[in-house]
Amino acid sequence: MVKIDFKHSQSSHCESGVSANLLSHYGVDISEAMAFGIGTGLFFAYLPFVKVNKLPLTTYRCEVGGIFKRVVKRLGCRIRWEKFKSPEKSMTALDKKLAEGIPVGLRTGGYWLPYFPPAFRFHFNMHNLVVFGKDGDEYLISDPVFPDPVRCHRSALMKARFAKGPLAPGGVMYYIEEVSRQFDMAAAIRKGIRGVCRRMMKTPLPVAGVRGMGFLAGRLCRWPEKLGADNAALHVGQLIRMQEEIGTGGGGFRFMYAAFLQEAAPILGNARLLELSRKMTATGDLWRKLAVVGARICKGRASEDETYGGMADLLRECAERESLIYRELMEVV
Amino acid sequence: MIDNPDLKEICYALDENGCYVLAPSAGWEPKNVANDQAWALIGKQVANMVSRIRAGKLSPLAYHMAKHQMSAGLLAKYVGINRFRVWRHLKPSGFKRLTPEMRRRYADLFDLPVDALDVFPVSPEGED
């Protein structure tokens, strides 16, 4: 039996949780929100050409693996990614790293993880976790969205690592190779914030950033006539799930980002960040309102002003308020 | 309604001083609505498959495929064959001609004993 002394802390999003837990293991103590912020996690994009369960994808975060990549780099650590073709070899490599006493991060398909409650078992290939030990044929896993460490049988874990479909993990594993003792936290935070502002305001695509919200608003108000009432309701349901499902911390990561800004304020010594954190919380509330209206539409219990057009207006308001926040953030950092 | 005692999620909340803390989530109605909707859709797809199997149009493989929320394309990727071959196996005639090796691969994927591949619920509603 191999068991690395690894501190598991629960978080609300898998990738930033994994990043924070792995870094903390090496003595770089940061919170989940901090990892999310430094890693430039916040984003928005509506991708009608990428389908999940035949419905368009809306994302509130950056690309998979990006948070971890950036946060470790900005804190001066070195990491290593390994990708595999053969499932057997990928498990051998994992065992080897564990024997060396290195906790290993994995990207997996949540559908195949037996410890997931049945209600959450959707095909979802972007779930991150840390393996920190092995007991016979079972692996000891720190899955950041669960309150306690869990166990998973080798065959199930192998299936999860080689899940297929969009964004297939392809057996990816990653671990920290080297930690630097000196890093500039304030500079890392500034970089993280600037990254978000740039991505949200200046991505040259109509479907991404604050422009993407407007784009979605334009599409959304035409859903009922284009797709029919039933299919339109399914599209709205998918939108809400992407925003509120396990992992986002609610409000499409906006609350998590507000927590990051609050934590960053004393480090940068700038009280304006606290004010911006409050504004970000307010947009989070607005996103939640969007989800509430959406849910009523899905259930067919919408009142007169709770329409697709109403949702589109809420979205446009989110876009407007957020762009003000990013503009001000750019001045601050 | 989703009741999940196994997974208590946590979320970001403001305490009385306006500071962010991580707190256990009390669950949230819109999220449950959206999840219920997704499960209802899967249930409908499974029931649809079962009635087509009963009508002799599809093979039991279609039931397992729908139950695991897969399309023919995704299933093909998992068992490592061309999707047109999966389409053939979804027809009763093609399913009958499956080689033992191919049956084993499907059964392994769905974590079933090989014989259980022929089993599907009697009525569309009688889904476990």
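Some notes on this structure:
- From the options A:PHE68, A:PHE49, A:PHE6, residue that is aromatic (Phe, Trp, Tyr), away from chain B (no Cβ under 14 Å), surrounded by fewer than 23 Cβ atoms within 10 Å (Cβ to Cβ) and in contact (Cβ under 8 Å) with a residue 40 or more places away in the chain: A:PHE6
- Inclusion of A:PRO147 among residues that are surrounded by fewer than 19 Cβ atoms within 10 Å (Cβ to Cβ), of a type outside the set (Ser, Thr, Tyr), within 14 Å of another protein chain (Cβ to nearest Cβ) and without any contact (Cβ under 8 Å) to a residue 60 or more places away in the chain is not warranted.
- Members of segment A:308-333 found to be assigned to a helix (DSSP H, G or I), more than 23 Å from A:ARG222 (Cα to Cα) and touching a helix residue (DSSP H, G or I) at 6+ places or on another chain (Cβ under 8 Å), listed by number: A:ARG321, A:GLU322, A:SER323, A:LEU324, A:ILE325, A:TYR326, A:ARG327, A:GLU328, A:LEU329, A:MET330, A:VAL332
- Residues in segment B:1-17 that are modelled with pLDDT of 85 or more and surrounded by 11 or more Cβ atoms within 10 Å (Cβ to Cβ) were compared, and the one that is nearest to A:LEU273 (Cα to Cα) is B:LEU14.
- Among (1) buried (at least 17 other Cβ atoms within 10 Å of the Cβ); (2) out of contact with any Asp or Glu (no Cβ under 6 Å at 6 or more places or on another chain), the one test that A:GLY17 misses: (2)
- Matching residues, segment A:150-190, being among the charged types (D, E, K, R) and either within 12 Å of chain B (Cβ to nearest Cβ) or under 18 Å from A:GLY105 (Cβ atoms) (or both): A:ARG151, A:ARG154, A:LYS159, A:ARG161, A:LYS164, A:GLU177, A:GLU178
- Test: residue in segment A:233-253 that is without any contact (Cβ under 8 Å) to a residue 12 or more places away in the chain, under 17 Å from B:LYS31 (Cβ atoms), assigned to a loop (DSSP other than H, G, I, E, B) and within 12 Å of another protein chain (Cβ to nearest Cβ): yes
- Qualifying position, being facing chain B (nearest Cβ under 9 Å), assigned to a helix (DSSP H, G or I), of a type in the set (A, V, I, L, M) and surrounded by 24 or more Cβ atoms within 10 Å (Cβ to Cβ), among A:MET256, A:MET213: A:MET256
- Given (1) outside any loop (DSSP other than H, G, I, E, B); (2) in contact (Cβ under 8 Å) with a residue 24 or more places away in the chain, number of the condition A:LEU274 does not satisfy: (2)
- Flag for A:ALA33 being touching a residue at least 24 places away in the same chain (Cβ under 8 Å), surrounded by 20 or more Cβ atoms within 10 Å (Cβ to Cβ), within 14 Å of chain B (Cβ to nearest Cβ) and among the hydrophobic types (A, V, I, L, M, F, W, C): yes
- Checked against (1) closer than 18 Å to A:VAL18 by Cβ; (2) surrounded by 18 or more Cβ atoms within 10 Å (Cβ to Cβ); (3) at pLDDT below 90, A:LEU167 passes all but a single condition, namely (2).
- Given (1) of a type in the set (Lys, Arg); (2) within 9 Å of chain B (Cβ to nearest Cβ); (3) assigned to a loop (DSSP other than H, G, I, E, B), index of the condition A:ARG296 fails: (3)
The values are calculated or read from the model by the stated rules, or taken from the named source; none is laboratory data. Everything quoted here is computed from the prediction, not taken from an experiment. Here the Cβ is made from the backbone with ideal geometry for all residues, glycine too, and neighbour counts use every protein chain on show.
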